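Engineer: One structure is given below, represented as structure tokens, and several questions about it will come after.
The values are calculated or read from the model by the stated rules, or taken from the named source; none is laboratory data. Just so we're clear, the structure is a prediction, and the values are computed from it rather than from any experiment. Backbone-built Cβ (ideal geometry, glycine too); neighbour counts: all protein chains shown. In case anyone asks, the SASA skips ligands and DNA or RNA and just uses the protein heavy atoms, side chains included. Shrake-Rupley method; radii C 1.70, N 1.55, O 1.52, S 1.80 Å.
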Amino acid sequence: MALSQAIPGVILAGGLSSRMGQDKTRIRLGGAALIDRAARRLRPQVSSVAVNANGPMLFERGEEFPVFADLGAARAGPLGGVLAALDHVRRNHPEASHVATVPTDSPFFPTDLVSRLGKVIDTPDRIAVARSAGGLHPVFALWPVALADDLSAWLSGGGALRVRSYLERHQAREITFPPIETSRGEFDPFFNINTPDDLDQAENWLWVLER
């Protein structure tokens, strides 16, 4: 199946960031907020960028992206964000068969993420998800818009909130991304920032990865 060139992208920014003690999207790495880093890295890979967030978003000067919240009053974790992304794309990009999702807390994700995931899409309802040596990365994925109603029924019917459970149900295709080779050794491109210590590590790697 040949994917349409129009693959919208959505940054999932609806998490509570309890381990960081503050809104993770506004945390600064190398002088730039994580939400802005995610947008800059995703934008060249997709036809448009939007943000799923359950509150107001501020972007760097000159940037402007659509922002939409989870559907309904109850939060359903990352799958709730995925459902909101599918609904947003279905209403605003009817030509798109899939939507690409990324989180805000993995600022070094691959610049060929979307194109590589797209190569394994063989049916309109196929999900493609990223994997690395660090394991599966469930919200780095291409999601079929055709599954919007199915996911809605899954969540409203009491289905597991774990993204992996939904991926397993639909036999998602996994694509393994290699580590980044650096002067300091190998680095997982999906390194994510969940704690202050993680942020310190990311700062230490930044000068190596962006020099």
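Engineer: Report Rg(Cα)/(2.2 N^0.38 Å) for the chain, keeping two decimals.
Structural biologist: That works out to 0.98 for the chain.
Engineer: When the Karplus curve 6.51 cos²θ - 1.76 cosθ + 1.60 is applied with θ = phi - 60°, which whole-Hz ³J(HN,Hα) does each residue of the range 76-88 get, with x for Gly and Pro?
Structural biologist: Running phi through 6.51 cos²θ - 1.76 cosθ + 1.60 with θ = phi - 60° gives 10, x, x, 5, x, x, 4, 4, 4, 5, 4, 5, 4 Hz.
Engineer: A further question follows. Accessible surface of ASP36 in the full protein assembly, 1.4 angstrom probe, to the nearest 10 Å²?
Structural biologist: For ASP36, solvent-accessible area is about 10 Å².
Engineer: Also, I was wondering about something else. Based on the Cβ-Cβ distance from ARG131 to ARG184, what FRET efficiency comes out when R0 is 25 Å, to the nearest 0.05?
Structural biologist: In this case the efficiency is close to 0.60.
Engineer: Have a look at the DSSP beta bridges in the chain and tell me what percent are antiparallel, nearest 5.
Structural biologist: So the antiparallel bridges amount to about 50 percent of the total.
Engineer: Quick one: which residues, 5 or more positions from VAL99 or on another chain, have an amide H under 5 Å from its amide H? H modelled 1.01 Å from N in the peptide plane, none for Pro or chain starts.
Structural biologist: Residues meeting the amide H criterion: TRP143, VAL145.
Engineer: Another question about this same structure. I'd like the FRET efficiency for ASP200 and ARG116, computed as 1/(1 + (r/R0)^6) with the beta carbon distance as r and R0 of 30 Å, rounded to 0.05.
Structural biologist: 0.50
Engineer: For a quick check of understanding: with a 1.4 angstrom probe and all protein chains in place, what accessible area in square angstrom does PHE108 have, to the nearest ten?
Structural biologist: 10 Å²
Engineer: Ok, one more. How large is ³J(HN,Hα), in whole Hz, for each residue of the range 119-131 in order, when computed from phi with the Karplus curve 6.51 cos²θ - 1.76 cosθ + 1.60 and θ = phi - 60°, using x for Gly and Pro?
Structural biologist: 5, 9, 6, 10, 9, x, 10, 7, 9, 10, 9, 8, 9
Engineer: Please give the peptides 97-103, 194-200 ranked by average Cβ packing (other Cβ atoms within 10 Å per residue), highest first, as a rough proxy for protection.
Structural biologist: Those peptides, ordered most packed to least, come out 97-103, 194-200.
Engineer: For the range 42-121, state which trypsin sites (Lys or Arg not before Pro) are in a DSSP loop and have at most 13 other beta carbons lying within 10 Å of their beta carbon.
Structural biologist: Those satisfying the criteria are ARG61, LYS119.
Engineer: Also, I was wondering about something else. Please list 3J(HN,Hα) in residue order for the range 24-41, calculated via the Karplus relation 6.51 cos²θ - 1.76 cosθ + 1.60 where θ = phi - 60°; whole Hz, with x for glycine and proline.
Structural biologist: Working through the residues one at a time gives 4, 4, 8, 4, 9, 10, x, x, 10, 5, 4, 5, 6, 5, 4, 5, 5, 6 Hz.
Engineer: Report the FRET efficiency, 1/(1 + (r/R0)^6), for LEU161 and ALA6, where r is their Cβ-Cβ distance and R0 is 41 Å, rounded to 0.05.
Structural biologist: E between LEU161 and ALA6, to the nearest 0.05, is 0.85.
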